[in-house]
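Working notes, beginning with the structure itself.
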Amino acid sequence: MKNYKLCLSYDGSRYRGWQKQGNTPGTIQEKLEALLSRLLEQPVELHGSGRTDAGVHARCQTCSFRADSSLSCPELLELIRRYLPEDIGAVSLEEAEPRFHARLSCRQKTYAYFIWNSPKPNIFYRKYSFNCPETLDTEAMEQAARLLLGEHDFSSFCSLKHMKKSAVRRLDSVDISRYGDMLRLEFTGSGFLYNMVRILVGTLIEVGRAQRRAEDMPALLAARDRQAAGFTAPAQGLFLWEQRY
């Protein structure tokens, strides 16, 4: 039995997220498991580094699975690429050490969020960014982001009303860059709660619009109340960017 490490990229626009949901079709995990099971003629269970919600994209989603196969990694990768739809791409495939697990072995993740910050129409990037025509104070957003760094209870930045596990996460960095009219917000941390990055983005946008103050971030964390934080930014601007092991 071999253990495989597969890196995928995908456009999440037409999918119901990464994680399979019973008999509900339209998830990326379900589609990949069906393809691998057919190609390898055996049941295959695929583990992703993390879940992405409906409409969220991935530049790199690391996966792991176990299977018995005489095919080499290049041969299997070629088959996977041949039968995947055009909005899912198999970037790389390699044999991993026996204990490797895409989620449990992951030490750090990076998400990127793109904001089209201009009143001019954004036709070609409209599926991959959030349209925000108002002028944003990026210095205030950076000040707010610095106050969110470190290990905290991020309950205020999670959409789940009842969490079975701890909401404590470590946010290592938030980088805000401008490329012409496009803003890129990059979040790196030990792990992220449900909708956490999108709520962080919505909160920082509200700071940039002067709808809330940067210095209020510690109070938002202390509140541990979803209603205290900003809106949930739309899914289409979010990308699972990178994982480190």
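The values are calculated or read from the model by the stated rules, or taken from the named source; none is laboratory data. Because the structure is a prediction, the values reported are computed rather than measured. Reconstructed Cβ throughout: ideal geometry from the backbone, glycine too, with neighbour counts over all protein chains shown.
Condition (residue is part of a strand (DSSP E or B), surrounded by 20 or more Cβ atoms within 10 Å (Cβ to Cβ) and in contact with a helix residue (DSSP H, G or I) (Cβ under 6 Å, 6 or more places away or on another chain)) applied to the stretch 162-173: is it met by at least one residue?
No - not one qualifying residue is present in the stretch 162-173.
With the condition kept exactly as written, say whether any residue in the stretch 186-194 is in a loop (DSSP other than H, G, I, E, B), modelled with pLDDT of 95 or more and polar (S, T, N, Q).
No.
Answer yes or no as to whether Ile80 is surrounded by 12 or more Cβ atoms within 10 Å (Cβ to Cβ), assigned by TED's automatic domain parsing to the domain that holds Tyr15, modelled with pLDDT of 95 or more and touching a Phe, Trp or Tyr at 6+ places or on another chain (Cβ under 6 Å).
no
I need a count of the residues in the stretch 15-34 that are assigned to a helix (DSSP H, G or I) and either in contact with a Leu (Cβ under 7 Å, 6 or more places away or on another chain) or under 19 Å from Phe114 (Cβ atoms) (or both).
3
May I ask you to list the residues in the stretch 202-219 that are of a type in the set (A, V, I, L, M, F, W, C) and under 14 Å from Leu183 (Cβ atoms)?
Residues of the stretch 202-219 of a type in the set (A, V, I, L, M, F, W, C): 204-205, 207, 210, 214, 217, 219.
Within the stretch 202-219, Leu204, Ile205, Val207 meet the criteria.
Quick grid of which residues meet (1) surrounded by fewer than 19 Cβ atoms within 10 Å (Cβ to Cβ); (2) at negative phi; (3) of a type in the set (D, E, K, R); (4) at pLDDT 95 or above:
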| site | (1), (2), (3), (4) |
| --- | --- |
| Glu86 | yes, yes, yes, yes |
| Val91 | yes, yes, no, yes |
| Glu95 | yes, yes, yes, yes |
| Cys106 | yes, yes, no, yes |
| Ala112 | no, yes, no, yes |
| Ile115 | no, yes, no, yes |
| Ser118 | yes, yes, no, yes |
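Taking into account only those residues within the stretch 174-198 that are surrounded by 17 or more Cβ atoms within 10 Å (Cβ to Cβ) and of a type in the set (A, V, I, L, M), which is nearest to Leu220 (Cα to Cα)?
Ranking the candidates gives Met196 first.
Sort through Ala145, Ala210 and tell me the only one that's outside any strand (DSSP E or B) and either surrounded by fewer than 14 Cβ atoms within 10 Å (Cβ to Cβ) or under 15 Å from the mean Cα position of the chain (by Cα) (or both). Quick ask: steps written out before the conclusion?
Working: Ala145 fails: either surrounded by fewer than 14 Cβ atoms within 10 Å (Cβ to Cβ) or under 15 Å from the mean Cα position of the chain (by Cα) (or both).
Exactly one residue qualifies, and that residue is Ala210.
Checking Asp53 against (1) modelled with pLDDT of 95 or more; (2) assigned to a loop (DSSP other than H, G, I, E, B); (3) surrounded by 16 or more Cβ atoms within 10 Å (Cβ to Cβ), which test does it fail?
(1)
Would you check if there is a residue in the stretch 124-138 being part of a helix (DSSP H, G or I), in contact (Cβ under 8 Å) with a residue 40 or more places away in the chain, assigned by TED's automatic domain parsing to the domain that holds Arg198 and surrounded by 15 or more Cβ atoms within 10 Å (Cβ to Cβ)?
yes
Please work out if Gly191 is farther than 23 Å from Asn117 by Cβ and either free of Cβ contacts under 8 Å to residues at least 60 places away in the same chain or in the same structural domain as Pro119 (by TED's automatic domain parsing) (or both).
Yes, satisfied.
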